[in-house]
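The values are calculated or read from the model by the stated rules, or taken from the named source; none is laboratory data. These numbers were taken from a predicted model, which means no experiment stands behind them. Heads up, the Cβs are rebuilt from the backbone with ideal geometry, glycines too, and the neighbour counts pull from every protein chain shown.
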Amino acid sequence: MKSCLCLIGFAWLGFAATLSHAESLYPTIKLSEVPNAVLQMYKREEPNFTNMSHCATAWDSTTDGDKIAFKCSVFIKMSAEGERRAMRYCDEIRDQKKIVARCRLIVAP
C-alpha cells in the first residue's frame, strides 16, 4: 500500500512538471525576432495584456502593411484558448490578405 502511494505521488509530480514546462502546440517566434512594424503593433496592444493574452503574426513583407497579419487574443480566461483564438484570427487575416507565410505565436521574453 505504501509503495503504491509512492508510485502515485511520483506519477503526479511527473505530470505536474510536464504541465508547468509545456510548450505551445503552435509554431512560435520570439518578440525580438519580429519586424519593426509588428513590434509597433504589439507595443500598442501590450497595455491590455493579461497573463493569458497571446498574439500571432505572419508576414511576407516586413514593411508593407498589406502583407502583414497580426492579431491578439487579449481578454481571455484560459491561456490555451488565447493561443487558439490568436492563431485562428491571424489565419483569417492571412487568408484575406493572401499571405504565404504561416502564423506564429509571439513569445515575449
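Residues in region 80-109 that are touching a residue at least 40 places away in the same chain (Cβ under 8 Å) and not basic (K, R): how many?
Number of matching residues: 11.
Of the conditions (1) among the charged types (D, E, K, R); (2) modelled with pLDDT of 95 or more; (3) over 17 Å from M87 (Cα atoms), E45 clears all except one; give me its number.
(3)
Given (1) within 12 Å of the chain's Cα centre (by Cα); (2) assigned to a helix (DSSP H, G or I), identify the lone condition not met by M41.
M41 satisfies every listed condition except (1).
Answer yes or no: is there a residue in region 72-85 that is of a type in the set (S, T, N, Q) and touching a helix residue (DSSP H, G or I) at 6+ places or on another chain (Cβ under 8 Å).
Yes; the residues of region 72-85 include at least one that is of a type in the set (S, T, N, Q) and touching a helix residue (DSSP H, G or I) at 6+ places or on another chain (Cβ under 8 Å).
Only one residue in A69, A86 is closer than 13 Å to E45 by Cβ and modelled with pLDDT of 95 or more. Which one?
A86
Which residues, taken from region 54-84, are basic (K, R) and under 9 Å from the mean Cα position of the chain (by Cα)?
Passing the criteria: only R84.
Any idea how many residues of region 70-79 are closer than 19 Å to L25 by Cβ, surrounded by 11 or more Cβ atoms within 10 Å (Cβ to Cβ) and in contact (Cβ under 8 Å) with a residue 24 or more places away in the chain?
So the answer is 3.
Across region 81-101, what is the number of residues that are under 15 Å from F49 (Cα atoms) and of a type in the set (A, V, I, L, M)?
The total comes to 1.
Mind listing whichever residues of region 68-87 are among the aliphatic types (A, V, I, L, M) and either under 17 Å from A108 (Cβ atoms) or not in a strand (DSSP E or B) (or both)?
Result: V74, I76, M78, A80, A86, M87.
Against the condition touching an Asp or Glu at 6+ places or on another chain (Cβ under 9 Å), modelled with pLDDT under 95 and not small (G, A, S), how does L25 come out, does it pass?
Spelling it out, L25 is indeed touching an Asp or Glu at 6+ places or on another chain (Cβ under 9 Å), modelled with pLDDT under 95 and not small (G, A, S).
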